[in-house]
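Q: My questions will all concern the structure given below.
No value in this document is a laboratory result; all are computed from the given coordinates. Nothing here was measured: the structure is a model prediction, and the numbers come from that model. Cβ placement follows ideal geometry from the backbone for every residue including glycine, while neighbour counts extend to all protein chains displayed.
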Ligand SMILES: [Zn+2]
């Protein structure tokens with residue numbers, strides 16, 4: 001980059017990476033000075049070949065929070081599901097605060113309620129907690145039916161020749177490998193196999209399951225009844241409606 005004046009100004013980014021070893025996944029933070037998030041991810045890939053860009057930090061290529069700020073991580077538009085990181089000075093401390101008095105409070109929201117909190121000693125610890133908690137969070141948040149719909153949305157998302165998202169998808173930024181998004185689907189629901197899903201999940205696909213309103217089990221199809229019940233074949237045959 002010889003002509004600094006013509007180039008876009010470089011900004012600092014924190015890119016959160018997951019690397020797999022014998023112990024499991026480890027989170028690594030890569031500091032990039034890049035024009036935009038896609039550029040930062042490209043640099044991280046060059047530095048850590050084969051790494052996963054941690055999806056939870058996909059809009060977390062960011063700075064530490066300032067006091068009083070809150071960061072929403074993988075939050076839905078209604079603010080009912082997701083994580084919030086808050087940075088506040090604790091109320092019970094009198095006089096001058098030491099650095100150790102500051103902490104990051106992480107909240108996990110499910111269906112509009114806070115179901116879990118964690119007081120993290122550092123911003124990085126807050127992110128790592130979210131990384132550990134998110135697969136359980138997402139498996140509750142996304143049903144198989146919801147994943148089928150998201151899969152079809154992903155099929156409509158432009159991808160480069162190299163297999164990278166050319167447009168943001170959910171909380172994944174542009175520049176993330178499509179295979180990382182596939183792995184996220186599989187991590188959220190072990191019954192979901194990206195290799196078996198196909199390009200589009202329509203009616204009759206084995207992943208399309210419908211809850212029976214009588215016995216509660218999921219069935220590949222249900223029969224609608226005049227009273228509004230939707231029954232699996234076994235319950236329909238037993239003629240309870
Ligand atoms: Zn049934």
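Q: For the residues 71, 186, what sequence is obtained by ranking on other C-beta atoms within 10 Å, fewest first?
A: 186, 71
Q: Does the stretch 90-226 classify as rounded, prolate or oblate by the C-alpha gyration tensor (a ≥ b ≥ c root eigenvalues; a/c under 1.5 gives rounded; else a/b over b/c gives prolate, otherwise oblate)?
A: The shape class here is oblate.
Q: Tell me the Rg and the Dmax, in Å, that the Cα atoms of the stretch 176-241 produce.
A: Reported Rg and Dmax, both Å: 15.8, 51.
Q: Which of 80, 230 comes first, and how do the rest follow, when ranked by fewest Cβ neighbours within 10 Å?
A: The most exposed by this proxy come first: 80, 230.
Q: Could you tell me the center-to-center distance, by alpha carbons, between the stretch 120-142 and the stretch 34-53 in angstrom?
A: Cα centroid to Cα centroid, the span is 22 Å.
Q: Can you work out the FRET efficiency for the pair residue 193 and residue 239, with r the C-beta to C-beta distance and R0 = 25 Å, to the nearest 0.05?
A: 0.10
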